[in-house]
Amino acid sequence: MYPQSSHDTRPAGRVTARCPSATDTGTGVRAARPPRCGSVNRVSLLPALTADDADEPGAVRFGDHVLSFADLAAAGGAVARRLTGARAAAVLATPTLETVAAVLGGLSAGVPIVPVPPDAGPAERDHILRDSGADLLLTPPGAPATGAAIEQVAVSADDRSSWTDPRAGGKPALVLYTSGTTGPPKGVPITPDAIAACLDGLADAWRWTADDLLVHALPLYHVHGLVLGVLGALRTGCRLHHTGRPHPDLLAAAGGSLYFGVPTVWHRVAAAPHAARRLRQARLLVSGSAALPAGVFAALRELTGQAPVERYGMTETLITVATRADGHRQPGAVGVPIAGVETRLVDEHGAPGPHDGTTPGALEIRGATVFDGYLGRPDATSASFTGDGWFRTGDVATIDADGVHRIVGRASTDLIKTGGYRVGAGEVEDALLTHPGVREAAVVGRPDDDLGQRIVAYVVADGATGDDLIQHVAGQLSNHKRPRDVVFVEELPRNALGKVQKHRL
Ligand code: MCA
Ligand code: AMP
């Protein structure tokens, strides 16, 4: 099932540009600088782990647990030895050094790693394990038996073995699960080449170097926390402090130079002025995964003395557009394509849209960071790419004459962003419908100052309370997929074809 090269999952006939050539003008927006594909470090994916100073203590800190890069590599080496012969290995992705060691073990052994949200209910977890074909579940030591149907192997970050440096390449290193509008989450294989291109593009945009101290508290089963927040440190060689919880006081006390957060975290930092003021010493505050509200942008600028930079991406494309450290920081603007990435806008007929800063169009992306296709889902893959190889993001954007992008909405209301998490309305509806009292369900995202959107479920049901249904969903899926509110209705508004009219809810 796993492709051996980056081309195996592409639909026949699809033309892609992994790295646009200098003469390829296309109709899109190109990174202002020439693509750096040629300068990607193809020898080593994570050079910090074998650098001359890899023995320096204190490089990577998760709470009170601290390791040097060299010790972390040796912990990864010990995991790699246990992965011999595995097809894919799932990891219960707690925010710990054990998860980092497990990911490194997979990278080193050439075994795709499949992070599983640690709070995933059995339905979500079993889907991920089954769909990915993982034959092992790596967990922190002392983790209770999960009940998963595959062998559970405890990982210790204190084990040591020799480290084999992972190479860049086109075979999947990670498979991350992400929601669509309907059905269970889909697997997104991510190659070392795509990771390297993304991280090098961001390092260039943000002047991200080994002199930085990166601080965040993001989950380790998504691109933001795992690819940027962990592998980014191991590629640039910067120190990393994961604070466990994204509490403003913990973030401030870490004294970082570079901070990553989702808008919900920045909203909470802005609401804690004493902590926010302590971020004045930071070099760069970065927001992503969802739109940063203008009010939070303004509050951060006021309290920290600097405007945050926003960047935009998706699980399928990694991060593709970013405000540069030396770029103009404006609320709502997510910046320009990173090196190696092209973007374009198209209208409803697929024709190129103007880059005038006001006309919205469907945003399409191609380039070195874009995935090749969903795991085992050729139908979904071909629906996501145009015939000439551009990925349809599903986001609606404007692009101005300087190439600055603004995300102005999503084409589908059935993808909800709550706390930076992407949640498909269909997955939550399916979970609600497995409750014996529920006859119909429609799930929507409602604006929320803290979460961006909150999940609200409209149900036709007998003999169940709202709390029952929230707990029922939590029993199957991850915590953040629970509806915050349940509204009981007599019937759902439907059109003549029987389709629920969510705009009328
Ligand atoms: C949650 N709780 C609930 C419900 N939902 N209780 C009752 N009913 C519900 N429906 C509980 C939670 O379990 C928690 O309990 C408490 O309420 C507070 O929850 P919440 O408000 O959600 O806050 P939080 O748990 O502190 O989480 C906020 C967060 C989190 C830390 C910002 O949303 C987060 O880490 N988001 C990051 C998502 C992310 O990494 N996305 C990147 C995707 P208790 O306190 O007991 O636990 S990658 C991506 O998007 C692309 C590539 C990109 O651009 O980055
Ligand atoms: P995910 O697959 O969880 O990575 O979610 C990707 C989606 O997050 C994108 O399609 C956008 O809708 C949204 N997103 C990510 N970054 C931003 C941003 N800076 N501004 C607005 N939306 C964003």
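The values are calculated or read from the model by the stated rules, or taken from the named source; none is laboratory data. Model, not experiment: these values are computed from the prediction. Cβ sites come from the backbone with ideal geometry, for glycine too, and all protein chains shown count toward neighbours. Ligands, DNA and RNA are excluded from the accessible area calculation, which covers all protein heavy atoms including side chains. Shrake-Rupley method; radii C 1.70, N 1.55, O 1.52, S 1.80 Å.
Before moving on, here are some points about what is shown:
- Of the residues making up region 398-456, those that are within 11 Å of ligand 2 (Cβ to nearest atom), assigned to a strand (DSSP E or B) and hydroxyl-bearing (Ser, Thr, Tyr) number 2.
- The one condition in (1) touching a residue at least 40 places away in the same chain (Cβ under 8 Å); (2) open to solvent by 20 Å² or more (accessible area, probe 1.4 Å); (3) more than 12 Å from ligand 1 (Cβ to nearest atom) that residue 432 fails to fulfil: (2)
- Test: residue in region 200-215 that is over 26 Å from residue 367 (Cα atoms), in a helix (DSSP H, G or I) and more than 16 Å from ligand 2 (Cβ to nearest atom): no
- Checked against the criteria, residue 85 counts as more than 30 Å from residue 405 (Cα to Cα), open to solvent by 30 Å² or more (accessible area, probe 1.4 Å), assigned to a loop (DSSP other than H, G, I, E, B) and at pLDDT below 95.
- Single unsatisfied condition, residue 256 versus (1) open to solvent by 10 Å² or more (accessible area, probe 1.4 Å); (2) in contact with a strand residue (DSSP E or B) (Cβ under 7 Å, 6 or more places away or on another chain); (3) closer than 22 Å to residue 46 by Cα: (1)
- Scan of region 172-187 for residues that are of a type in the set (Ser, Thr, Tyr) and at pLDDT below 95, ordered by number: 179, 181, 182
- Pairs are defined by a Cβ separation below 8 Å, a sequence spacing of at least 6 or placement on different chains, a first member in region 159-170 that is modelled with pLDDT of 85 or more, and a second member that is of a type in the set (D, E, K, R); the pairs so defined are 160/71; 161/81.
- Within region 374-411, the set of residues being under 26 Å from residue 174 (Cβ atoms), surrounded by fewer than 21 Cβ atoms within 10 Å (Cβ to Cβ) and either aliphatic (A, V, I, L, M) or more than 19 Å from the chain's Cα centre (by Cα) (or both) comprises 376, 377, 378, 379, 380, 382, 383, 386, 389, 407.
- Conditions (1) at pLDDT 95 or above; (2) open to solvent by 50 Å² or more (accessible area, probe 1.4 Å); (3) within 13 Å of ligand 2 (Cβ to nearest atom): number failed by residue 467: (3)
- Index of the failed condition, residue 252 passing every other in (1) farther than 28 Å from residue 398 by Cα; (2) more than 10 Å from ligand 1 (Cβ to nearest atom); (3) in a helix (DSSP H, G or I); (4) out of contact with any Lys or Arg (no Cβ under 6 Å at 6 or more places or on another chain): (4)
- The lone criterion from (1) more than 14 Å from ligand 1 (Cβ to nearest atom); (2) closer than 29 Å to residue 90 by Cβ; (3) hydroxyl-bearing (Ser, Thr, Tyr) left unmet by residue 257 is number (2).
- Filter pass, residue 373 being in a strand (DSSP E or B) and within 16 Å of ligand 2 (Cβ to nearest atom): no
- Within region 311-355, if we keep just the residues that are assigned to a strand (DSSP E or B), away from ligand 2 (no atom under 14 Å from the Cβ) and not hydrophobic (A, V, I, L, M, F, W, C), the residue that is modelled with the lowest pLDDT turns out to be 352.
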